[in-house]
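Structure record follows, encoded as structure tokens.
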Amino acid sequence: MGLEAVMIVVDNSESSRNGDYTPTRFEAQSDAVSLIFSAITQGNPESSVGLMSMGGKGPEVLVTLTTDHGKILEGLHRTKSKIRGDSHLATGIQIAGLALKHRQNKSQRQRIIVFTCSPIPEDSKTLISLAKKMKKIGVNIDFVAFGELDDDTTKKLTAFNEIVKSAEGSHLAIIHPGPGLLSDQLVTSPILNGDGSGASGGMGGAAEGGDSGAFEFGIDPSVDPELALALRMSMEEEKTRVEKQNKEKADADADANAALPEIKEEDEASQPLLNKDGEASGSKVDKKDDDADKMDTA
């Protein structure tokens with residue numbers, strides 16, 4: 001994943017009390033939020049994630065952009081006691097956009113991930129206008145739609161996604177109730193895998209009769225999503241470590257070469273080629289040795 005600033009919007013409306021996801025829709029969202037946070041921050045340590053809710057009396061920013069997982073968990077825990085009312089999708093997206101606008105690192109790509117499991121009260125015209133506005137300011141918006149969705153909700157989300165999506169992102173993942181966890185099914189969606197790595201319209205999975213060699217690491221993400229995610233993150237961490245190690249080695253070699261003193265030849269450093277009498281250096285020593293030999297002979 002690239003450098004991102006991501007606002008995650010959870011649905012804490014009355015519909016999130018439903019138990020068609022284990023143990024409830026809201027608890028399922030909480031697990032999925034933790035998964036998304038880990039994937040984003042491990043993909044790029046400089047990416048940041050914020051959290052807000054869109055149910056109850058109105059949208060509320062729970063955690064501003066951060067790299068602290070503990071703050072996200074604390075925000076989810078506080079929201080658990082505020083499950084009530086209807087969702088306010090359009091207002092929630094607008095507030096999330098404002099939160100991203102005030103991010104400290106302007107090089108971070110703006111992204112909003114919205115969880116929705118309740119009817120959408122806004123009309124199609126309002127949502128289409130909002131989608132055009134968000135695309136104009138360069139904000140990618142992903143939807144995780146889960147629960148018993150009616151045709152009206154599905155049509156509104158699909159129309160919004162068709163307008164706001166771009167080459168860099170904006171996906172719609174519709175996850176129907178099933179035996180698997182919401183977070184497990186989210187691993188195979190394009191929201192965490194990008195284009196071409198999952199089905200945007202449902203549970204995801206391998207084609208019948210496909211062999212394991214067609215999957216990254218030989219693991220089918222739909223069979224063991226946690227293992228697939230762990231392997232991918234491990235590969236990215238190893239790549240980062242190797243790049244850092246190579247850079248440190250190159251810097252160390254450059255410093256060593258810069259600090260290497262100039263080494264002189266032994267004769268060059270100790271004495272000149274000719275002495276003051278114009279004779280070769282060291283010749284007097286040889287002469288003294290000859291005189292000493294002559295004296296002994298005498």
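Things worth noting here:
- Each Lys or Arg adds one and each Asp or Glu subtracts one; over the other residues with Cβ under 13 Å from the Cβ of ILE83, this totals +2.
- Note on the stretch 1-160: Lys pairs 8 or more places apart or on different chains, Cα atoms under 18 Å apart, count 19.
- A DSSP coil position with no more than 15 other Cβ atoms inside 10 Å describes the following trypsin sites (Lys or Arg not before Pro) in the stretch 46-128: LYS57, ARG84, LYS106.
- Accessible surface calculations at 1.4 Å, restricted to protein heavy atoms, place the stretch 1-118 at 40 Å² per residue.
- Förster-model FRET efficiency, 45 Å R0, LYS101 and ALA250, C-beta, rounded to 0.05: 0.70
- Electrostatic tally near LEU100: other residues with Cβ closer than 12 Å to its Cβ, Lys and Arg +1, Asp and Glu -1, net +4.
- Summing charges over all other residues whose Cβ lies under 10 Å from the Cβ of SER16, with Lys and Arg as +1 and Asp and Glu as -1, gives +1.
The values are calculated or read from the model by the stated rules, or taken from the named source; none is laboratory data. Everything numeric in this text was worked out from a predicted model, so none of it was measured. All Cβ positions, glycine included, derive from the backbone under ideal geometry; neighbour counts span all protein chains shown. Side chains are part of the model used for accessible areas, which takes the heavy atoms of the whole protein and leaves out ligands, DNA and RNA. Shrake-Rupley method; radii C 1.70, N 1.55, O 1.52, S 1.80 Å.
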